[in-house]
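Have a look at the structure below, then the notes.
The values are calculated or read from the model by the stated rules, or taken from the named source; none is laboratory data. Model, not experiment: these values are computed from the prediction. Positions of Cβ are backbone-derived with ideal geometry, glycine not excepted, and every protein chain shown enters the neighbour counts.
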Amino acid sequence: MKEAKPKPAMTLDRVLSRYGLASRTAAREAIRAGRLRVNGRVIREADFWVKPATDVIHLDGKRLKRERRIYLLFYKPKGVITSHGDPAGRKTVYDYLGELGRWVSPVGRLDKDTSGLLLLTNDTSFADFVTSPESRVPKTYLAKINGLVSEDVIARLAAGVEMKRGDFARPESVRRVEDRGKYTWLEIVLTEGKNREVRRMIEAVGFKVLKLVRTGIGPLSFGNLQVGQWRELSPTEVAAVKSARPQPRDILKGDA
């Protein structure tokens with residue numbers, strides 16, 4: 001006779017995150033505020049260990065249950081920040097999501113001056129997969145450069161360049177889309193996702209990015225999305241992202 005497997009335990013903040021109820025940061029704030037009860041007792045320690053299968057957990061008086069998994073694809077406009085709130089009163093991605101945005105968190109970030117595709121979800125495992133360098137989910141960018149870029153410079157970028165602070169950019173691919181007037185448009189595919197990586201790698205070869213649009217995440221592209229719009233992903237699309245491998249894209253679309 002097989003022995004029953006022990007029920008998995010996890011910290012209280014992770015339960016809220018795994019159930020799709022809040023980000024880890026928001027979960028910790030809720031716990032510290034005394035909004036959680038475990039087996040009838042108020043718990044204010046985010047690292048308190050529980051067994052969701054057997055412990056009775058309440059948030060604001062309601063027993064916890066898993067939320068429906070939500071996967072959103074959003075076309076972020078330039079000038080909008082990827083944050084749940086801003087002390088300076090700037091517009092955030094949540095201003096576009098309405099009530100549906102309460103339980104989703106961005107999968108990675110796009111800086112304020114970058115537009116394009118952004119995933120948001122309450123599935124923390126999916127978010128961790130997409131953002132992990134080990135998963136190598138490709139993110140495709142279209143960059144307008146402040147000059148005409150030679151083939152030698154493109155070859156340097158494609159081979160990988162050292163950026164400021166000593167870290168390296170190792171793009172999956174870099175190719176010229178077109179020279180338009182006195183500017184070059186480059187398509188850059190990344191799998192690592194370092195902070196402001198495209199801008200920093202272009203600066204490392206003596207140029208600047210004038211405009212930056214993320215045009216693809218794995219197999220996902222704009223489709224019919226317009227700036228400021230979002231849609232839910234289908235189960236097939238979620239599965240496709242999870243099985244994505246780096247692949248150059250041929251896209252010149254959107255607000256580029």
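Assorted remarks:
- For segment 140-151, the count of residues that are modelled with pLDDT under 95, of a type outside the set (Ser, Thr, Tyr) and in a loop (DSSP other than H, G, I, E, B) is zero.
- Scope segment 19-43; condition in a loop (DSSP other than H, G, I, E, B) and surrounded by 13 or more Cβ atoms within 10 Å (Cβ to Cβ); matching residues: TYR19, GLY20, LEU21, ALA22, SER23, ARG35, ILE43
- Filtered residue count, segment 53-81, keeping only those that are surrounded by 13 or more Cβ atoms within 10 Å (Cβ to Cβ) and within 27 Å of the chain's Cα centre (by Cα): 15
- Failed item, numbered, when VAL174 is tested on (1) more than 30 Å from ALA27 (Cα to Cα); (2) part of a loop (DSSP other than H, G, I, E, B); (3) aliphatic (A, V, I, L, M): (2)
- Any hit, segment 233-244, residues being modelled with pLDDT of 95 or more and within 15 Å of ILE154 (Cα to Cα): no
- Any chance MET163 is farther than 13 Å from LYS139 by Cβ, crowded, with 16+ Cβ neighbours inside 10 Å, at pLDDT 90 or above and touching a Pro at 6+ places or on another chain (Cβ under 9 Å): no
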